[in-house]
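Presented below is the structure to which this report refers.
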Amino acid sequence: MQDAVLSNSRDLYRTITEKIVAAIKDSPLTFKMPWHSPGVPAGMPTNAVTDAPYRGINVLSLWVDALTKDYPSGHWASYRQWQSVGAQVRKGEHGSLIVFYKRIEGAEGNQNPEDDRPRFFATSSVVFNAAQVEGWTQPLPLRSPEFETDKQVEAFISATGATIELGYPAARYRVDLDRIEMPSPHWFTGTATSAPIQSYYAILLHELTHWSGASHRLDRTFRNRFGDQAYAMEELTAELGAAFLCASLGIANEPRPDNAAYVASWLKVLEADARAIFTAASRAQQAAEYLSALAASKLGA
């Protein structure tokens, strides 16, 4: 009976992969994150304590650091500022340099006493991104309409044993901490082709697929075959894994354009390697079966 179930699942995975490939061929697609939250790197870098936006060259500097270091938050503060709100910069973290100007009061530094124009001197400070600290919660954005969870899906996710924390400005699997960080379910707005609940679970299952590939689980790696493109292959695998699991759990009966758009964006990185998606699909199938077996062992299915 178990073999029959796995056989049916594999047919489903193959069908979904073929439909995603067809959707990519039909038309160009654009992927859009299905949630809204403050402080993402694309927004204005903001001081987490004063709520004041950074200005001038600091905007560009902090944008570059956020993107190159993969910080999901646009909130920054100095070491002492983080301490003032009960947060702590993690040991070993390196800050980002910013420049600001202080006003020189009175005639200090002014060689012409009759010139009363204000004088300023440049000084520097070091700030740390919210992703580098512990003990701080991102400010909540506006809530989406009431979000109702799916008990069956929640039970499946819980049974995997993955550590999942909510309230982060972006979704990601932290390899160093072996945990999944997610925006709050209430922040999800969905897209033109998916309801908020579908988008939330699709993103969570995407990150859960990443989680399955850890070295002490499936030990999934693409480095030997794909070299510098290994990250793109892992993203392809995670999105296909999410599509497979969504279908298996009844979240979506068909792969959505969202799936195809995300996959298409990474296929461009891989220069549309015709075999890449099928390699990723094979690994995604392995991940889906691993997670399903893991959940079944806890749920007694």
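The values are calculated or read from the model by the stated rules, or taken from the named source; none is laboratory data. Please read these numbers as outputs of a predicted model, since none were measured by experiment. Cβ atoms come from the backbone with ideal geometry, glycine included; neighbour counts cover every protein chain shown. These accessible areas exclude ligands, DNA and RNA; they are computed on the full protein's heavy atoms, side chains included. Shrake-Rupley method; radii C 1.70, N 1.55, O 1.52, S 1.80 Å.
The table below gives the values:
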item	result
Test result for ASP65, at pLDDT 70 or above and under 19 Å from the mean Cα position of the chain (by Cα)	yes
Tabulated pairs, region 159-178, first under 10 Å from TRP211 (Cβ atoms) and of a type outside the set (Ser, Thr, Tyr), second open to solvent by 40 Å² or more (accessible area, probe 1.4 Å) and assigned to a loop (DSSP other than H, G, I, E, B), C-beta under 8 angstrom, 6+ apart or interchain	ASP178/THR163
Matching entry among ARG80, ARG14, ARG10 (being out of contact with any helix residue (DSSP H, G or I) (no Cβ under 6 Å at 6 or more places or on another chain), among the charged types (D, E, K, R) and at pLDDT 75 or above)	ARG80
Unique match (being open to solvent by 10 Å² or more (accessible area, probe 1.4 Å), farther than 30 Å from TRP136 by Cβ and modelled with pLDDT under 85) among ALA261, ALA195	ALA195
